[in-house]
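A.B. asks: First, the structure itself, so that you have it in front of you.
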Amino acid sequence: MVTSTFEELAPALPNEMAGLRRKLTHWLGELPLDPGSTHDITLATYEALANVAAHAYPQGNGWARLEAARKGDAVTVTVTDTGCGIPATRPRQPGLRTSGGRGLVLIDKVTDQSDIESGDHGTTVRMTWRPAALRDEGRA
């Protein structure tokens, strides 16, 4: 039976983020998705998780929460932390010199919709896809 939701909490460490990515990939494998959609969802989610591990907790350890849900023809993935937040001055344009700088741009490019809420008490990255395989599943 396919579970329509997925939720995990893990320490914000690189090896733990890789573990969350594997668990998400397994969950996505239970959905009727095409390989391209699965790749895009996994790639964008891992970028958001990697940002948590690299930037959210500069003074110590913290946690990352990964939530995913299929509702109708959409898959929504949310990555949340309670870290320091993204500075308002941080550019979101490729090519500008930051401590990486391409992850959020990549997320924008491979999602149908992405929203980022960030402040002194953490960041939430919400990403939504509407894969053709889910739209066409009910038709035959």
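A.B. asks: Could you please tell me which pairs satisfy a Cβ distance under 6 Å, a separation of 6+ or placement on different chains, a first residue in segment 92-119 that is at pLDDT below 50, and a second residue that is among the β-branched types (Val, Ile, Thr)?
C.D. replies: So the pair list comes out as Pro94/Val105.
A.B. asks: For residues that are over 13 Å from the mean Cα position of the chain (by Cα) and in a helix (DSSP H, G or I), tally how many sit in segment 29-41.
C.D. replies: Count: 4.
A.B. asks: Something else now. When you go through Leu43, Leu49 one by one, which is the residue that is modelled with pLDDT of 95 or more and closer than 17 Å to Trp129 by Cα?
C.D. replies: Exactly one residue qualifies, and that residue is Leu43.
A.B. asks: Any residue that is of a type outside the set (Ser, Thr, Tyr), farther than 23 Å from Gln113 by Cβ and touching a residue at least 12 places away in the same chain (Cβ under 8 Å) - is there at least one of those in segment 65-82?
C.D. replies: No, segment 65-82 contains no residue that is of a type outside the set (Ser, Thr, Tyr), farther than 23 Å from Gln113 by Cβ and touching a residue at least 12 places away in the same chain (Cβ under 8 Å).
A.B. asks: Something else now. Go through segment 24-41 and give me each residue that's β-branched (Val, Ile, Thr) and either open to solvent by less than 10 Å² (accessible area, probe 1.4 Å) or touching a residue at least 40 places away in the same chain (Cβ under 8 Å) (or both).
C.D. replies: Scanning segment 24-41 gives a single hit, Ile41.
A.B. asks: Within segment 42-61, which residues are surrounded by fewer than 18 Cβ atoms within 10 Å (Cβ to Cβ), touching a residue at least 40 places away in the same chain (Cβ under 8 Å) and part of a loop (DSSP other than H, G, I, E, B)?
C.D. replies: Asn61
A.B. asks: Considering only segment 4-40, how many residues are under 22 Å from Ala133 (Cα atoms) and out of contact with any strand residue (DSSP E or B) (no Cβ under 8 Å at 6 or more places or on another chain)?
C.D. replies: Residues meeting the conditions: 12.
A.B. asks: Give the residues of segment 1-44 that are out of contact with any Lys or Arg (no Cβ under 7 Å at 6 or more places or on another chain) and within 17 Å of Leu106 (Cβ to Cβ), sorted by residue number.
C.D. replies: Met17, Arg21, Leu24, Gly36, Ser37, Thr38, His39, Asp40, Ile41, Leu43, Ala44
A.B. asks: Being aliphatic (A, V, I, L, M) and open to solvent by 30 Å² or more (accessible area, probe 1.4 Å) is the filter; apply it to segment 62-91 and report the residue that is modelled with the lowest pLDDT.
C.D. replies: Of everything passing the filter in segment 62-91, Ala88 is modelled with the lowest pLDDT.
The values are calculated or read from the model by the stated rules, or taken from the named source; none is laboratory data. Keep in mind the model is a prediction, meaning the values are calculated, not measured. Glycine gets a Cβ as well: all are built from the backbone with ideal geometry, and neighbour counts include every protein chain shown. These area figures cover heavy atoms from the full protein model, side chains too; ligands, DNA and RNA do not enter into them. Shrake-Rupley method; radii C 1.70, N 1.55, O 1.52, S 1.80 Å.
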